Amino acid sequence: MSDTEVFGWKFSKFINNKNYDFKRDKILNVCGEDNVTDAYDVISGWENYKPTPLVKLDKLSKKLNLNNIFYKDESKRFHLKSFKALGGAYAVQKITKGNKSITVSTATAGNHGRSVSWGVQRLGLNCKIFISEFVSEARADVMRSFGADVIRVKGNYETSLKECIKQSKMNGWEIIQDVAWEGYEEVPKLTMAGYSVMIKEISNQTDQYITHVFLQAGVGGMASGAIAGIAKYFKRIPKIIVVEPETADCVLQSVEVGKMQKIDIKKESIMGGMSCGEVSLVPWRILKDAVNNCISITDKYVAQTVAMLKQKYFCDEPIIAGECSTPGIISLIAASEDKIVKDKLELNETSNILLIGCEGDADEKLYKKLLNEGIKQLI
Ligand SMILES: Cc1ncc(COP(=O)(O)O)c(C=O)c1O
């Protein structure tokens, strides 16, 4: 691709948060400032802990005429290949305190369950993982390899969560869920605090002030955990933009009306971890006034972006990025090519953008398929 050629990529919807009011104290209160501090202390002490790389997408920043684009590469997070390694495993440790008589349970789209089963295995406990019919066998196998008993439930993620809650109540299992609901808040807060470790690392990895952060959202745990990290560790507050699939834009729709909205997902996005119909309760308390803007995107550019990252289109090193790692790049490109939105976001040659590369080839089969598809589209 030459320097003058444009991508021609479009986002689906862009909105402004009329209720924006970023308050560090309030955010840290919701997540628990002690949890945020403790998460870094505990996780950085785990065996084989290493901050994940903060890669500069130099070729892309030049092309979009931005100062820097930083890409946090979570494909290298322990050997779990996603940021989720920070949340579930940390919550397992805090809640069970290693008590071997406890059986841990959870429902998952894949990566959270991987983190929980890994955390459980590290402590030598038992683990029950509930998955929907949409979770691949490849993902299930990884959780089995960490010693989990994987239970497949007919229906979608929500059905798998309902079944997990039902069976856990019956059997006295300890649910370690990344989603909050009425009366279940402690564990989701711990998982969010775990995710804030990414931001602590970034604050040590660059002395550039970040001006814009693009945060993917499913139920909003990752986005709100990152925001808690920003409230704690960043000196200047960047513009915060949440990105979602257009078929599951529950944060966007909720922010638009200032009230939690439930979406009826008509078609599952290829970005499976983000295909969620309802924002989680605790994250919502943070997202509703800490987010500046929301963007939704289609699946159209996902495969191409996977291929471009691997084929060094955006920087000189190949990056292994799964489907959920692409929305930041896609929405940044689409926003930069839309004059009105570009101006609204104040994207210019002084901007330092932060993107979260949430996962690597966590589902190897799907990754290969997307990569091959994407390579064909590039030719
Ligand atoms: C692999 C993966 N799963 C899930 C999510 C969504 O996280 P959450 O449900 O906490 O918003 C993301 C990122 O948005 C992701 O990359």
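Within the set of pairs 6+ apart or on separate chains, which have a first residue in the stretch 96-113 that is among the charged types (D, E, K, R), a second that is surrounded by fewer than 17 Cβ atoms within 10 Å (Cβ to Cβ), and C-beta atoms under 7 Å apart?
Final answer for the pair search is Lys100/Gly124.
Tell me whether the stretch 72-93 contains one or more residues that are within 16 Å of the ligand (Cβ to nearest atom) and on the phi > 0 side of the Ramachandran plot.
In the first step, residues of the stretch 72-93 are kept if they are within 16 Å of the ligand (Cβ to nearest atom); the result is 72-91.
Filter again for on the phi > 0 side of the Ramachandran plot, leaving 78, 81.
Checking the stretch 72-93: at least one residue is within 16 Å of the ligand (Cβ to nearest atom) and on the phi > 0 side of the Ramachandran plot.
Regarding Ser105, is this residue within 16 Å of the ligand (Cβ to nearest atom) and among the polar types (S, T, N, Q)?
no
Taking Ala335, is it closer than 24 Å to Asp249 by Cβ, at pLDDT below 95 and within 22 Å of the chain's Cα centre (by Cα)?
Criteria not met by Ala335.
Checking the conditions here, which among Lys288, Lys266, Lys259 is away from the ligand (no atom under 16 Å from the Cβ), among the basic types (Lys, Arg) and modelled with pLDDT of 95 or more?
Every option except Lys259 fails the conditions.
Being within 18 Å of Leu345 (Cα to Cα) and in a loop (DSSP other than H, G, I, E, B) is the filter; apply it to the stretch 209-227 and report the residue that is nearest to the ligand (Cβ to nearest atom).
The qualifying residue nearest to the ligand (Cβ to nearest atom) is Ile210.
For the stretch 68-79, what are the residues that are within 17 Å of the chain's Cα centre (by Cα) and touching a residue at least 40 places away in the same chain (Cβ under 8 Å)?
Matches in the stretch 68-79: Phe70, Tyr71, Lys72, Asp73, Glu74, Ser75, Lys76, Phe78.
Tell me, which strands (runs of 3 or more DSSP E) lie completely within the stretch 101-202 with 1 or more residues that are touching a Leu at 6+ places or on another chain (Cβ under 8 Å) and over 30 Å from Lys50 (Cβ atoms)?
In the stretch 101-202, the matching strands (runs of 3 or more DSSP E) lie at 103-108, 126-131.
May I ask you to list the residues in the stretch 76-113 that are of a type in the set (A, V, I, L, M, F, W, C), buried (at least 21 other Cβ atoms within 10 Å of the Cβ) and closer than 16 Å to Trp46 by Cα?
Narrowing the stretch 76-113 to residues of a type in the set (A, V, I, L, M, F, W, C): 78, 80, 83, 85-86, 89, 91-92, 95, 102, 104, 107, 109.
Pick out the ones that are also buried (at least 21 other Cβ atoms within 10 Å of the Cβ) and you get 80, 83, 85-86, 89, 91-92, 104, 107, 109.
Leu80, Phe83, Ala85, Leu86, Ala89, Ala91, Val92 - these are the residues of the stretch 76-113 that are of a type in the set (A, V, I, L, M, F, W, C), buried (at least 21 other Cβ atoms within 10 Å of the Cβ) and closer than 16 Å to Trp46 by Cα.
Looking at this structure, is Ile329 outside any loop (DSSP other than H, G, I, E, B), buried (at least 19 other Cβ atoms within 10 Å of the Cβ) and away from the ligand (no atom under 14 Å from the Cβ)?
In short, no.
Could you list, in sequence order, all residues of the stretch 317-355 that are in contact with a Cys (Cβ under 9 Å, 6 or more places away or on another chain) and under 17 Å from Asn67 (Cα atoms)?
Gly328
Across the stretch 305-326, which residue is nearest to the ligand (Cβ to nearest atom) among those that are assigned to a loop (DSSP other than H, G, I, E, B) and over 18 Å from Ser82 (Cα atoms)? Explain how you work it out, then say what you get.
To start, the set of residues in the stretch 305-326 that are assigned to a loop (DSSP other than H, G, I, E, B) comprises 311-322, 326.
Among the residues that remain, those that are also over 18 Å from Ser82 (Cα atoms) are: 311-317.
Details: Gln311: 21, Lys312: 22, Tyr313: 21, Phe314: 18, Cys315: 20, Asp316: 24, Glu317: 20 Å.
That would be Phe314.
Being crowded, with 19+ Cβ neighbours inside 10 Å and charged (D, E, K, R) is the filter; apply it to the stretch 175-200 and report the residue that is nearest to Ala217 (Cα to Cα).
Asp178
The values are calculated or read from the model by the stated rules, or taken from the named source; none is laboratory data. Just so it is clear, the structure is predicted and the values come from calculations on it, not from any experiment. So basically every Cβ, Gly included, is an ideal-geometry build from the backbone, and we count neighbours across all protein chains shown.
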